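One structure is given below, encoded as C-alpha cells.
Read-outs: derived from the displayed coordinates by stated rules, not from any lab. Values in this document were obtained by computation on a predicted structure and should not be read as measured data. Reconstructed Cβ throughout: ideal geometry from the backbone, glycine too, with neighbour counts over all protein chains shown.
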Amino acid sequence: MNIDKQKYFKELPQSYWIASTPKTNYPTLNEDINVDVAIVGGGLAGISCAYLLKKEGLKVAVLEAGHIAKGTTGHTTAKLTSQHELIYSKLINQMGGELAQQYADANETAIHEIKRIAEDNNIDCDYTIQAAIAYTQQNEYIQKISDEVKAASSLGIKASYIEDIPFPIPIKAAIRFDNQAQFHPLKYLLALSKTIPNNDCHIFEQTRAVDIEEGDNYIITTAQGKKVTAKKVIIASHYPFYNKHGMYFTRIYPERSYIVAIRAKEKYPGGMYINTEDPARSLRHQQTENGELILVVGDSHKTGQGIDTVKHYEALIDFARDVFTVEDIPYRWSTQDCMTLDGIPYIGHYTSNTPNLYIATGFQKWGMTNSMVSAMLLRDLIVKGKSSWQDVYNPSRQTILASAKSFVVENFNVAEQLIDGKLDSPPEDIDIRPGEGKVLKINGKRAGAYMDEEGKLHIVNTTCTHMGCELNWNSAERSWDCPCHGSRFSYEGKIIEGPASQPLSMANDVNTIEKLFKDDY
Ligand code: FES
C-alpha cells in the first residue's frame with residue numbers, strides 16, 4: 001500500500017474507539033449541588049470510582065470538563081495486563097517483595113474485576129483473554145527477561161520464558177504472561193456510565209472544575225460558576241489541576257505516544273506484544289464489523305518537545321510494513337500519559353494531611369488496570385479507611401525520595417523549557433501556508449499562528465495558562481502543546497487537556513494582535 005502522505009496527514013487523527021461508539025450527552029451542571037463524593041474526571045478511573053462508590057450507597061457526582069471517556073481512555077491501546085514492561089524485578093529490588101506483591105495483586109485483580117463488572121451489567125465490550133508478551137532484540141536484555149520471569153513467578157503471576165514470537169521480528173528472548181485480556185474500552189465505559197445517574201448520583205459533562213475551597217466540606221467551583229459541595233473529593237482528571245497541595249507539577253511529566261490501526265493481508269496470531277527497548281513498539285488486534293484491525297503503537301516522546309510529530313506516525317507505518325503486508329490504515333491517533341518519578345502511579349490521599357482529598361494519576365502507560373486499581377483502592381480507603389494496596393501506590397511514599405535524581409532532572413527540564421521558550425527569537429515572517437502552524441513574532445511579541453484549509457488565520461498567545469511555559473506547535477494533531485506539564489490547546493485556543501483550566505487568548509488576525517497581550521498594552 002502506498003500512502004499519499006500529503007493527503008493522508010491532511011485528515012485529523014481519529015481514535016477507532018471513539019469512532020465506533022456513540023457520542024454522549026450528559027447534562028452540564030447548572031445549579032449548586034451537595035454530594036458525598038465529588039469525582040473530577042470522567043475517564044475509566046473516575047467512572048469506575050463512581051460505580052463502586054455508588055454501590056456502597058454513597059451519593060456521587062462525576063464532573064467532566066469535556067465528554068466522558070474522550071480523553072486518555074478514548075485514545076488508549078486498551079490492554080488489560082499486569083505486565084508493565086519489566087517492572088517486577090525492579091520493584092522487588094527498589095521497594096521490596098511486599099510492595100511488589102501489592103502491585104502484582106492489584107493489577108491481576110483489576111484484569112478480572114473489569115470482566116466481572118462487564119458480566120454483572122451485561123456489557124458486551126469485546127473482552128477476550130490474551131497472553132501478554134514482552135520481547136527483546138538485544139542481548140543485554142536476555143538476563144533481565146530471565147530475572148523478570150523469576151520475579152513475576154515469585155509473586156504468583158503465570159510467567160514463562162520464551163524464545164519465539166509469531167512475527168518476522170528476530171528476537172533474543174521474551175517473557176509471556178498468561179490469562180491477561182484486552183477489550184473495547186469505550187463499549188465498556190459508556191455502558192457502565194449509564195448505571196450512574198439516578199438516586200442522587202450524577203454525571204455532568206462540559207463541567208470543568210476550576211477551583212476547590214477547603215473547609216469542613218470541599219466546595220468545587222465549575223467554569224460556569226456553579227458549586228459542588230462534597231465531604232470527599234477524588235481528583236481523577238489525568239494531570240491534576242489542583243496545585244495547592246502535593247506539588248504534583250514537579251513530579252509528573254507527560255509523554256505522548258502514537259497508534260496506527262492497520263488492516264493486513266496476514267491474520268493476526270493473537271496475543272499482545274511489546275518490546276523492552278526504545279523506541280517502543282507494541283501490537284494487539286481488534287475485531288471490528290469491517291474485519292480485523294491491528295494496532296501498532298509506540299514512538300513516545302515528552303509532550304511539546306519536538307514539533308514534527310508526523311514523523312512518529314511514519315515510523316510506526318514503516319514498522320508495520322516490516323512486519324505485515326499492510327493493505328489499509330483506516331485510523332491513527334495519539335495519546336498522552338502521565339509519568340511518575342519512580343514508575344508507580346500516585347493513588348491514595350492527595351497528601352498525608354488531606355484525609356478527605358484523594359488522587360489517582362500517573363498511570364504511566366498502563367492506565368486500564370491502574371484505573372480499575374484506583375477505583376478499588378479509593379473505594380476501600382473511603383469506605384473502610386484502608387486498602388491492602390495503599391502502601392505501594394501511596395502518593396506520599398518515602399521511596400519517591402529515592403527518585404530524587406529524576407526529580408531534579410525533571411524539574412531542570414521544566415525550567416529549561418520555561419526559559420527556552422522565553423528566550424526563543426521566533427522568525428519575523430508570517431509566511432504560512434494552509435494546514436501549517438508556526439510561532440511568529442508579531443509586533444515584537446511571540447504568538448502562535450495556524451492557517452486552516454480555507455486560508456483563515458487563527459492566532460493565539462502561546463504562553464500556557466497553567467504556569468506560563470511557552471507552547472509549541474504539534475503538526476500531526478494540529479494543537480499547541482506545553483512542554484512543561486503537558487497542557488494542550490486547539491488552534492482555536494480551547495483546552496484539549498489540562499492541567500490548564502483556562503483557554504488561550506486569541507486574535508482574529510494580525511491587526512488585532514494587541515488583544516492577545518492585553519496586560520502589556
Ligand atoms: Fe504547566 Fe503549561 S502545563 S505551564
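Numbers below:
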| quantity | calculated |
| --- | --- |
| Conditions (1) within 30 Å of residue 173 (Cβ to Cβ); (2) assigned to a strand (DSSP E or B); (3) more than 16 Å from the ligand (Cβ to nearest atom): number failed by residue 255 | (3) |
| Search result, residues across the range 447-462 that are buried (at least 22 other Cβ atoms within 10 Å of the Cβ) and either within 15 Å of the ligand (Cβ to nearest atom) or of a type in the set (D, E, K, R) (or both) | 448, 460, 461, 462 |
| Scan of the range 85-102 for residues that are in a loop (DSSP other than H, G, I, E, B) and in contact with a strand residue (DSSP E or B) (Cβ under 9 Å, 6 or more places away or on another chain), ordered by number | 85, 86 |
| Only one of 109, 24 that is surrounded by fewer than 24 Cβ atoms within 10 Å (Cβ to Cβ) and either of a type in the set (A, V, I, L, M, F, W, C) or part of a helix (DSSP H, G or I) (or both) | 109 |
| Some residue of the range 205-227 being within 30 Å of residue 108 (Cα to Cα) and over 23 Å from the mean Cα position of the chain (by Cα) | no |
| Yes/no for residue 39 being in a strand (DSSP E or B), in contact (Cβ under 8 Å) with a residue 40 or more places away in the chain and under 19 Å from the mean Cα position of the chain (by Cα) | yes |
| The range 465-483 - residue that is under 16 Å from the mean Cα position of the chain (by Cα) and within 10 Å of the ligand (Cβ to nearest atom) and, of those, farthest from residue 436 (Cα to Cα) | 483 |
| Every pair of residues 6+ apart whose Cβ atoms lie under 8 Å, when the first sits in the range 298-321 and is closer than 23 Å to residue 78 by Cβ and free of Cβ contacts under 8 Å to residues at least 60 places away in the same chain while the second is of a type in the set (Val, Ile, Thr) and buried (at least 17 other Cβ atoms within 10 Å of the Cβ) | 316/259; 316/260; 316/296; 316/297; 319/296 |
